[in-house]
Each structure stands twice: as C-alpha cells, then as structure tokens.
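Engineer: A single structure is presented below for examination.
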Amino acid sequence: MTDLFNIRRDFTLKTLEEKEVTPDPINMFERWFNEAVAAEALEPNAMNLATATSDGKPSSRIVLLKQIKPEGFVFFTNYDSKKAIQIAENNHCALNFAWHELERQVRIEGIVEKIAEADSDLYFEVRPAKSKLGAWASPQSRVIPDRQYLEQLMVDFEARFAGKEISRPENWGGYIVKPTLIEFWQGRKSRLHDRIQYTRVDGDWKIERLAP
C-alpha cells in the first residue's frame, strides 16, 4: 500500500501579499482565473460545487463555471438533478477551484439562485448540438437500467429534432452563486500558506489574512 504519510511537496512558486489584492474579490478572481488559463491549467473552470439538504446532509461534485459576472459565478445543470433538488431545499452552497499548476485554490461560500430563462436560452444556443441533445436525453441523477438505455434516449431525441432547431428543455438552465465569502489560498513553504479572505459585510467587502 502507498505510504500516504510521505506524499508531500513544498510550495514555492508564488506569494500572496495584501498589497497585491484588489478591493473587489470578483476582480481578484478574474485575475487569478486568467493566470490559470495562461498557465494552461487542466480544466481551469472546473469547480467543486457543494450543496446540502434542508437538514444539512452535504454532497459535492465537479461542475463547470460558464460565466463570471459582477454579482457572482454562473453554472448550468438539469433542474431535476440531485444538486438542483438540494438547492431548492437549501440555497446556501460552496465552490472550490484548485489550480495545482500555480499552487493555488479559491474557496467561495454564497447564496445560489436560478438565472433568468433568457440568459439560459442564450447559453444553450451556443452549445454544440450533441450537448444540446444530451440535455434532453439524460434523466440526470436518476437510476437507469444500463448504458444502452441512455444511448437509445439519445437516438430518440436525435430523431425528434432531425432538421429542426434544438430548443432548451424547461428543466435545464443556469444558476448563479452570489458570494458572501471568497478566500484566496496560495501555497507556501513549510505549510505556512498565504490565505486572504473577503467577507461581505453590510454591502462592502472586508479583507483579512487567515492563519494557514
């Protein structure tokens, strides 16, 4: 068995000082995100989305960030999925980005809500045709008998929309996570990492350093 105790590395690439941060964490996030893209980080827009039931039972999964707006972070999914059901019960959620190539992560807490249907339509229009059909074919998070069942659903919807515009399913669309807390983490030597936290207080952002 692999010796997990001895899997470790020291982080030495960068630092994070208070003088480097912007007053608005969304702007700071965009700066780090663009640096992750420039560094050719693997799936830089992949984020862990954690949701919970009304009684606090959590679950998490990786989804893709599709828009950065001044008010928050947008992703798209099936409104009948497990995550959507939990969001309907409990609109508090958390996001986490890990950019190993830069020894960085960003942790976000906030309130999640559906975006306007027109905005979901705009994004759906630019998706590849196969992805559009997949949104129709997948009964997301439901138990299915086998892979063939799913592939047959895809065939059925390909036939249904043959030669036609593929419209957005009513049960598919976007959410926006409006942050109340954003933490920027930069790996440092000896586990003395840099952590700068923004907290929303009375409409403004409070910036503080956290111990690693």
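The values are calculated or read from the model by the stated rules, or taken from the named source; none is laboratory data. As the structure is a prediction and not an experimental result, all values here were calculated from the model. Here the Cβ positions follow ideal geometry from the backbone for every residue, glycine too, while neighbour counts run over all protein chains shown. Keep in mind that these areas ignore ligands, DNA and RNA; they rest on the heavy atoms of the full protein, side chains included. Shrake-Rupley method; radii C 1.70, N 1.55, O 1.52, S 1.80 Å.
This table checks each residue for (1) closer than 30 Å to residue 212 by Cα; (2) at pLDDT 95 or above; (3) surrounded by 15 or more Cβ atoms within 10 Å (Cβ to Cβ); (4) in contact with a helix residue (DSSP H, G or I) (Cβ under 6 Å, 6 or more places away or on another chain).
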| position | (1), (2), (3), (4) |
| --- | --- |
| 98 | yes, yes, yes, no |
| 105 | yes, yes, yes, no |
| 119 | no, yes, yes, no |
| 134 | no, yes, yes, no |
| 148 | no, yes, no, no |
| 160 | no, yes, no, no |
| 167 | no, yes, no, no |
| 170 | no, yes, no, no |
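Engineer: Looking at 130, 69, which one is under 30 Å from residue 186 (Cβ atoms), basic (Lys, Arg) and open to solvent by 40 Å² or more (accessible area, probe 1.4 Å)?
Structural biologist: 69
Engineer: Could you tell me how many of the residues in segment 181-212 are touching a residue at least 12 places away in the same chain (Cβ under 8 Å) and open to solvent by 60 Å² or more (accessible area, probe 1.4 Å)?
Structural biologist: 11
Engineer: Suppose we filter 112, 126 for residues that are aliphatic (A, V, I, L, M), under 30 Å from residue 33 (Cβ atoms) and touching a strand residue (DSSP E or B) at 6+ places or on another chain (Cβ under 6 Å); which single one remains?
Structural biologist: Exactly one residue qualifies, and that residue is 112.
Engineer: Would you confirm, using the coordinates I've provided, whether residue 114 is of a type in the set (Lys, Arg), open to solvent by 80 Å² or more (accessible area, probe 1.4 Å), modelled with pLDDT of 95 or more and more than 30 Å from residue 197 (Cα to Cα)?
Structural biologist: Judged against the criteria, residue 114 is not a match.
Engineer: Any idea how many residues of segment 183-207 are touching a Pro at 6+ places or on another chain (Cβ under 7 Å) and assigned to a helix (DSSP H, G or I)?
Structural biologist: 1
Engineer: Can you find a residue in segment 76-88 that is under 30 Å from residue 21 (Cβ atoms), in contact with a Gly (Cβ under 9 Å, 6 or more places away or on another chain) and surrounded by 17 or more Cβ atoms within 10 Å (Cβ to Cβ)?
Structural biologist: Yes, segment 76-88 contains a residue that is under 30 Å from residue 21 (Cβ atoms), in contact with a Gly (Cβ under 9 Å, 6 or more places away or on another chain) and surrounded by 17 or more Cβ atoms within 10 Å (Cβ to Cβ).
Engineer: Does residue 135 qualify as being in a strand (DSSP E or B), in contact (Cβ under 8 Å) with a residue 24 or more places away in the chain and among the small types (Gly, Ala, Ser)?
Structural biologist: It is false that residue 135 is in a strand (DSSP E or B), in contact (Cβ under 8 Å) with a residue 24 or more places away in the chain and among the small types (Gly, Ala, Ser).
Engineer: Report, by residue number, each residue of segment 68-92 that is of a type in the set (S, T, N, Q) and under 15 Å from residue 115 (Cβ atoms).
Structural biologist: 77, 78, 91
Engineer: Residue 56 versus (1) in contact with a strand residue (DSSP E or B) (Cβ under 8 Å, 6 or more places away or on another chain); (2) at positive phi; (3) surrounded by fewer than 18 Cβ atoms within 10 Å (Cβ to Cβ): which is the lone unmet condition?
Structural biologist: Going through (1) in contact with a strand residue (DSSP E or B) (Cβ under 8 Å, 6 or more places away or on another chain); (2) at positive phi; (3) surrounded by fewer than 18 Cβ atoms within 10 Å (Cβ to Cβ) one by one, residue 56 breaks only (1).
Engineer: Criterion first (touching a Lys or Arg at 6+ places or on another chain (Cβ under 8 Å), farther than 30 Å from residue 18 by Cβ and in a loop (DSSP other than H, G, I, E, B)) does residue 120 satisfy it?
Structural biologist: No; evaluated as a whole, the condition is false for this residue.
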